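Written below as structure tokens is the structure these notes are about.
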């Protein structure tokens, strides 16, 4: 990826573009992956935090546009039917989110 494009994307998307995340954007992600014909362009690239970028690339999550410049992280189908904890539950017990990720990956990976 050209350095100028990376800088432009991170200047535009200072925070992660995932609608439920406000961490600093530190990675540039191709919305349409390069392996699927996606181009190096400002319109095809978005800024993501490390956590969200890892979910997309290593755990099967997908990005769905909301129409307002943000994206929703869609979890992969899970045969176990495991549901992520709600944001309220995570606020009350921050480790519940990590526990859910660990337990669901064993079934969904």
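The values are calculated or read from the model by the stated rules, or taken from the named source; none is laboratory data. This structure is a prediction, so every number in the text was calculated from the model and none was measured. All Cβ positions, glycine included, derive from the backbone under ideal geometry; neighbour counts span all protein chains shown.
Based on what the data block shows, is residue 30 surrounded by 13 or more Cβ atoms within 10 Å (Cβ to Cβ), touching a strand residue (DSSP E or B) at 6+ places or on another chain (Cβ under 7 Å) and within 18 Å of residue 67 (Cα to Cα)? Considered against the rule, which asks whether it is surrounded by 13 or more Cβ atoms within 10 Å (Cβ to Cβ), touching a strand residue (DSSP E or B) at 6+ places or on another chain (Cβ under 7 Å) and within 18 Å of residue 67 (Cα to Cα), residue 30 comes out as yes. Out of (1) over 18 Å from residue 14 (Cβ atoms); (2) modelled with pLDDT of 85 or more; (3) exposed (fewer than 11 other Cβ atoms within 10 Å of the Cβ), the odd one out for residue 56 is which? Status for residue 56: all satisfied but (3). Filtered by the rule that a residue be within 14 Å of residue 11 (Cα to Cα) and in contact with a helix residue (DSSP H, G or I) (Cβ under 7 Å, 6 or more places away or on another chain), segment 30-45 gives 42, 45.
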